[in-house]
1. With the condition kept exactly as written, say whether any residue in segment 20-31 is crowded, with 23+ Cβ neighbours inside 10 Å and closer than 16 Å to TYR88 by Cα.
2. Do the conditions hold for LYS183, that is, is it more than 22 Å from ILE90 (Cα to Cα) and either touching a residue at least 40 places away in the same chain (Cβ under 8 Å) or of a type in the set (D, E, K, R) (or both)?
3. Test of understanding: among TYR196, TYR164, which residue is modelled with pLDDT of 95 or more, closer than 29 Å to LEU52 by Cβ and touching a helix residue (DSSP H, G or I) at 6+ places or on another chain (Cβ under 7 Å)?
4. If you take the residues in segment 187-206 that are within 18 Å of the chain's Cα centre (by Cα) and of a type in the set (D, E, K, R), which one is farthest from ASN155 (Cα to Cα)?
5. Determine, yes or no, whether ASN240 is among the polar types (S, T, N, Q) and touching a strand residue (DSSP E or B) at 6+ places or on another chain (Cβ under 8 Å).
6. Any residue in segment 4-25 that is among the β-branched types (Val, Ile, Thr) and on the phi > 0 side of the Ramachandran plot?
7. Of the numbered conditions (1) more than 22 Å from ASN12 (Cα to Cα); (2) without any contact (Cβ under 8 Å) to a residue 60 or more places away in the chain, GLY173 satisfies every one except a single condition; which is it?
Amino acid sequence: MKKLIVGNFKMNTVPSEFKAYAMSLATKTQNSKNDIVVCPPFTHLAVAREFLGGSRVEVGAQNISEEESGAFTGEISAKMIKDAGANYVIIGHSERRSKFKETDKLINKKIKTALASGLKVILCVGESLQTRQNKQTCAFVRKQIDDDLKGIYENELESVIVAYEPIWAIGTGKVATKSDIAKMVEIIRKEIALQYSEKAGNSIKVLYGGSININNYAKIISNPALDGALIGGACLDVDNFAVICRENY
């Protein structure tokens with residue numbers, strides 16, 4: 001089964017290092033049947049376009065401004081990253097929510113801006129350990145989806161991918177169980193169906209992210225409930241990431 005494999009570089013490498021990475025990844029994944037996206041820092045986008053163009057690998061960004069243009073020093077707009085060669089953007093990553101205090105209202109605005117610029121959105125949702133321990137995970141994730149997608153039309157969901165990334169699993173080595181993942185995917189699909197239609201709930205792509213590595217990736221991504229994975233640290237090693245991208249799930 002074909003999957004969507006997304007690599008999130010976060011704030012790692014410099015453009016000169018990414019050049020060699022991109023060239024290697026393009027070569028190592030040329031026979032992959034999966035859809036592959038890498039999301040490097042903004043500074044790497046021109047390099048990514050040059051050395052991944054024509055390959056199996058598409059390019060995404062890790063964030064955008066909610067504003068289209070204007071006097072917003074230091075911000076990067078959706079149109080800028082689109083013109084730089086990105087077709088995807090990650091929005092609502094847990095690090096943006098926690099470290100940069102991004103609210104669901106802001107994330108909703110970013111999603112609308114991204115879609116208006118022709119970008120595909122990878123929307124991250126997921127609960128903290130405290131929320132999980134308080135048995136509020138389902139309600140919490142449902143509310144995230146409702147608030148983040150408020151005002152988004154059903155036909156626009158064709159360009160939205162939901163990544164379930166439990167915060168308690170990111171960078172901790174802990175991974176949600178197969179049953180936990182299946183349960184959360186079902187909840188996400190049911191909430192989309194409730195807000196839009198059953199067709200929308202069934203068709204939206206749902207990924208999992210959280211401590212996926214070369215040792216556990218096959219067991220996680222092969223879960224039939226999932227459409228793919230959002231991978232952090234494990235994507236930095238081009239050989240390991242290429243193995244994950246080439247896998248026949």
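1. Taking every residue of segment 20-31 in turn, none turns out to be crowded, with 23+ Cβ neighbours inside 10 Å and closer than 16 Å to TYR88 by Cα.
2. Values: more than 22 Å from ILE90 (Cα to Cα): yes; either touching a residue at least 40 places away in the same chain (Cβ under 8 Å) or of a type in the set (D, E, K, R) (or both): yes.
Yes, satisfied.
3. Working: TYR196 fails: closer than 29 Å to LEU52 by Cβ.
Unique residue meeting the criteria: TYR164.
4. Only one residue tops the list, namely ARG189.
5. Numbers: among the polar types (S, T, N, Q): yes; touching a strand residue (DSSP E or B) at 6+ places or on another chain (Cβ under 8 Å): no.
So ASN240 fails the test.
6. yes
7. (1)
One line per residue, one yes/no per condition, for (1) surrounded by fewer than 22 Cβ atoms within 10 Å (Cβ to Cβ); (2) under 17 Å from the mean Cα position of the chain (by Cα):
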{"position": "SER77", "(1), (2)": "yes, no"}
{"position": "ILE81", "(1), (2)": "no, yes"}
{"position": "ILE91", "(1), (2)": "no, yes"}
{"position": "THR131", "(1), (2)": "yes, no"}
{"position": "ALA139", "(1), (2)": "yes, no"}
{"position": "ASP148", "(1), (2)": "no, yes"}
{"position": "ASN155", "(1), (2)": "yes, no"}
{"position": "GLU158", "(1), (2)": "yes, yes"}
{"position": "ALA163", "(1), (2)": "no, yes"}
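The values are calculated or read from the model by the stated rules, or taken from the named source; none is laboratory data. This structure is a prediction, so every number in the text was calculated from the model and none was measured. No Cβ is skipped: glycine too gets one built from the backbone with ideal geometry, and neighbour counts run over all protein chains shown.
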